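Reading through the structure tokens given below for one structure.
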Amino acid sequence: MAIQITLLILMLTAPAVYGVQHTVGGTNGWTQSVNYDTWAAGETFVVGDTLLFTYTSSHSVDTVSQADYTSCSSTNPISSNSDGSTTIDLPKTGSMYFICPTAGHCLGGMKLQVNVIAANGTSPTTPSPPPSTTTPSGTPSTTPPSTTVSSPPPPPPSGAASIYCNMNNMLFGFAVVLGTMFAFMG
Ligand code: CU1
């Protein structure tokens, strides 16, 4: 029984692990004369992690498109921050691009590309299918798929969408835990 409880605790706490905060440039922070390609190559960016830019008033952080990152254009940033301490969420997989819009800084190398990968365990768990029951040959079973009448859940109020989504994830996780426990005790 102790094993089951330990397993239950592990499974309940695992999804609640917080993302890693990456301090851009390490102890150097967000500044000139740092090779951010090298820095980024030593980090693993996972969905749910955050970037922390720390910098002096001569710098800023612009989140930009790939094209603007390449050309060091800060005329149309996705977002811009200049408060000296900027936290950027990494909400999804793919590349994100940042430049310093101060004249000459990006061209001097003050630019950052991060490649965000999926977190382990966030991919939907596919339970192994039950052993297939072999029907005797010659009598093909023509059982139609059972039609389950499921009423769709009411749409969440706008603004609470993410909370609603998290609730769904928690319920799903709890169902998985219960199923696993029953499988162990079974
Ligand atoms: Cu700068």
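Structural remarks
- Mean projected area (nm²) of the alpha-carbon convex hull when region 37-96 is viewed from all directions: 4.6 nm²
- Taking amide hydrogens as placed 1.01 Å from N in the peptide plane, the amide H of Val116 sits under 5 Å from those of Gly94, Ser95, Met96, each at least 5 positions away in sequence or on another chain.
- Put a plus charge on the Cβ of each Lys and Arg, a minus charge on the Cβ of each Asp and Glu, and nothing anywhere else: the dipole of region 19-122 about its Cα centre is then about 60 debye.
- Distance (nanometres) between label positions extended 7 Å along Cα→Cβ at Thr56 and Asn115: 3.4 nm
Taken together, the values in this text are just the output of simple stated rules run on the coordinates, not laboratory data. Bear in mind that the values here come from a model prediction, so they are computed numbers and not experimental data. Cβ atoms come from the backbone with ideal geometry, glycine included; neighbour counts cover every protein chain shown.
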